[in-house]
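A.B. asks: Provided herewith is a single structure, encoded as structure tokens, for subsequent inquiry.
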Amino acid sequence: MRERNAMRVAYARTKGKRYAETFRCPGGALCLDFCNSGQGIKGSRQEEWILTFADLMDWLEAAGALSKSQATKLRAAGAGSPQAAQQFLARAIGFREALARVLLARTESRAAASEDLRLIDTEYARTARFARLSSTAEGFAWSLDAAGSALDAALRPIVESAVGLLTSSKLARLRRCGSSTCYWLFLDETKNGSRRWCEMASCGNLMKVRRHRANQHRSA
Ligand SMILES: [Zn+2]
């Protein structure tokens, strides 16, 4: 619930920017919004919102994965080492694509590729040292080591969200948008499991128009 509210706030903050598109359809989990920032599979529709290290930092901050001060620290680390920043961007996108493949396979009841699962293992282990357990009003939650200035730290919130979702009962509610050309993923949180579209305003309406045209064609 708190994650969803954070997404709404994040979207308001990113309005007008290209990657704001990824928040038009809050997926219900940080890792799903991250997958949706590239239409699921890089290049599938040549839609990529995270093209540079700066885009990635902006996205992570907008999504609430990094605080303003953490993002500032990591941007400085990236500016000091452009090559490391470039490598980090490639790793983040590599992680996103592996995760998206695993999740899309799940929506089609296919087995996930073991190399994709191993990649998720690797990033989980690699970023674990930046995780800090902290008390919240409801209990405990993972947070990010505020002192961490290593670029690897930036991936931790997404990795945590991904592993959390993959091992949770919520995974049963994972859906891919009902449009065959849309790879957006979301958790269907309706009571009767009736959500079909990433968002009604784009895919939902588009499919309605297509169905309407097909019916007209048939009756003509
Ligand atoms: Zn869609």
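A.B. asks: Quick one: which residue in A111, A137, A141, A146 is loosely packed, with under 14 Cβ neighbours inside 10 Å, in contact (Cβ under 8 Å) with a residue 12 or more places away in the chain and not in a helix (DSSP H, G or I)?
C.D. replies: A146
A.B. asks: Let me ask you something else. Where residues in the stretch 166-195 are of a type in the set (D, E, K, R) and within 16 Å of the ligand (Cβ to nearest atom), which of them is farthest from the chain's Cα centre (by Cα)?
C.D. replies: Per the stated criteria, the residue is R195.
A.B. asks: If you go through the stretch 109-145 one residue at a time, how many are of a type in the set (D, E), under 24 Å from L174 (Cβ atoms) and modelled with pLDDT under 95?
C.D. replies: Residues flagged as of a type in the set (D, E), under 24 Å from L174 (Cβ atoms) and modelled with pLDDT under 95 within the stretch 109-145 amount to 1.
A.B. asks: Please give the number of the condition R175 fails out of (1) over 30 Å from A84 (Cα atoms); (2) part of a helix (DSSP H, G or I); (3) in contact (Cβ under 8 Å) with a residue 24 or more places away in the chain.
C.D. replies: All conditions are met except number (2).
A.B. asks: I would also like to ask the following. Taking the stretch 84-107, which residues are under 20 Å from D58 (Cβ atoms) and over 12 Å from the mean Cα position of the chain (by Cα)?
C.D. replies: A84, A85, Q86, Q87, F88, L89, A90, R91, G94
A.B. asks: While we're here: Identify all residues within the stretch 197-210 that are surrounded by 14 or more Cβ atoms within 10 Å (Cβ to Cβ) and over 16 Å from P26 (Cβ atoms); write none if there are none.
C.D. replies: Hits for the stretch 197-210 are L206, M207.
The values are calculated or read from the model by the stated rules, or taken from the named source; none is laboratory data. Computed from a prediction, not measured in an experiment: that's the story for all the values here. Positions of Cβ are backbone-derived with ideal geometry, glycine not excepted, and every protein chain shown enters the neighbour counts.
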